[in-house]
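Everything below concerns the one structure shown next.
Nothing in this text is a laboratory measurement; each read-out follows from the coordinates by a stated rule. Note that the structure is a prediction, hence the values are computed from the model and not measured. FYI the Cβ positions are ideal-geometry reconstructions off the backbone, even for glycines, and counts take in every protein chain you see.
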Amino acid sequence: MAATAPVLGRIFEPLNDEHDYPISRVGGVLPADLTGTLYRIGPGRWDIGRTRLNHLFDGDGMVSQFVFDGRSARFRNRYVRTRQFRQTRRSDRLRRPGVGTPRPGGLLANLGRAPANVANTNVALHAERLLAFWEGGPPHLLDPDTLETHGPYRFDGRLRGLLRAFSAHPKWDPATGEMFNFGEDFSPLPGLHCWKVDRSGRLHRLASVKMLDLPWNHDMGLTADHLVFVLDPYMFDLRALATGRGVMGSLDHRPEKGTRFVLVPRRGGPARIIEHEALVHVHVANAFEDGPDTVVDLVQFADFATLKQDLTDFRSSFTDLPPSRLMRYRITRNGRVIAEELSSAPGEFPQHDWRLSTRKHRFTYMSGRTTPTGTYDSVLKVDGETGSVQAHPMGDDAYVGEPLFVPRSPDSAEDDGWILVVVYSAREHASRLEILDARDLEAASVATLHLDHHLPLGFHGTFTRRVATPDIS
């Protein structure tokens, strides 16, 4: 555990208030051509009444909104009004279990109850719809201006299935405007269901890949031809599930089963499944076709046990994640898998220029660190061609969230734009939004937007050139 972890643990204190205000404390100069809206999401609280939630993934989802109009910036945050959030406003009792937190009352109180959809993992705008994602159920539809919750969204009833699962990591094809996603269902038969949402917002089923020993999977890659899955052997222990240890508590890493690369054709046809030695990862970066080969980049961790513990004991240990490295895997036409290390710098939350999604990219941005252990206190830029790594440290009291790249213009070069990243300062117990020059990550920040409070540790987000116009009357 890092020496600063107890101090950084205050990042998990709840933000109970919902704010809406112009950001008045700005260091540097806001870029005039940075216009649009940054949406971020993550848990806003990990306590419900007297129940302390035991897993990082169980907190109630809260969306943050940063609006840039070319002259100023405005902040707003709102909790997603999920069923659990609405119930706990009337009562301080936890009505449904979480993925890692059982409902009080023992085995009988949890038996047969699906985890609560807390809409806390990702947020994105597609076909003019702002969606808050959670991978075990349908997304929630939000107003992109006010962040008002309209309720669970099932794509006009086309999202079917026992759980109506729709992953928290959809991917977009910038050439077609289509959104692709998947969902895992475990009854009546375990299956990986693949979806396409066309540019008008209509949902289409692409394929269902049946697997009796389906592992838990969090993310995927997208190329011009395939949905790319890297299925590490995170297997469910049914006995642990039956005794109330929760979904995430029942996961075991079974390296003897190996990892499976699954390539699902976007235009129909059977999936290809390629066996490989067991890996440990959570997030995928970009994926692309390279001649006859399919290539996928991901962040690979050193071990599963430490990662699992960090998610459960997050209040004390999440700020010191296990060693990781950025890897590239090439799946050849004959089924060979070739591994290449792109960077040994420890990091997570890999991002790239979304204009190059499905195509070969050069630069990957991560939240990371420049030391073997400790908090993610820096933004990293990995050059996939030269192997060089630039780092922008944010201070020894900082926790750095997922960095998002925003191009300067639609036709600017791959790294010609800004990095937007939320940073928590333990000394100030407050958060700020840093705007960095992606071309020269080691230079001073272009602008720093100081919030009046902290933001609890968040997960993912998106930037859109659509300028939100919140009702401030």
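Numbers for the structure displayed
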quantity	calculated
Local net charge near Glu128, Cβ-Cβ under 14 Å (Lys/Arg +1, Asp/Glu -1)	+2
Per DSSP, loop trypsin sites (Lys or Arg not before Pro) in region 412-473 with at most 10 further Cβ within 10 Å	Arg427
Spin-label model distance (nm) - Glu289 vs Leu107, 7 Å beyond Cα toward Cβ	5.2 nm
Alpha-carbon centroids, region 25-95 and region 176-217: separation in whole Å	27 Å
Helix-only CD estimate at 222 nm, as mean residue ellipticity for the chain, using -39500 (n - 2.57) per DSSP H run (n ≥ 4)	-1500 deg cm²/dmol
For the chain, the longest site-free run once GluC sites (Glu not before Pro) in DSSP loop states with at most 15 other Cβ atoms within 10 Å are removed	149-276
Label corresponding to semi-axes √(5λ) of the Cα gyration tensor in Å when calculated from the structure given, among (i) 32, 31, 22; (ii) 39, 29, 19; (iii) 30, 28, 23	(iii)
Charge-dipole axis of the chain as Lys and Arg at +1 and Asp and Glu at -1 on Cβ define it, positive-most pick from Ala430, Leu214, His281	Leu214
Percentage relative contact order, region 303-445, counting C-alpha pairs under 8 Å, at least six apart	16 percent
DSSP-loop trypsin sites (Lys or Arg not before Pro) across region 253-326, with at most 12 other Cβ within 10 angstrom	Arg267
Radius 13 Å from Cβ of Leu321, net charge of other residues (Lys, Arg +1; Asp, Glu -1)	-3
For Thr294, Thr469, Thr464, Thr375, order by how many other beta-carbon atoms lie within 10 Å, fewest first	Thr469, Thr464, Thr294, Thr375
Given Lys308/Lys360; Lys196/Lys360; Lys257/Lys381; Lys210/Lys308; Lys171/Lys360, the pairs whose alpha carbons are separated by over 24 Å	Lys308/Lys360; Lys257/Lys381; Lys210/Lys308
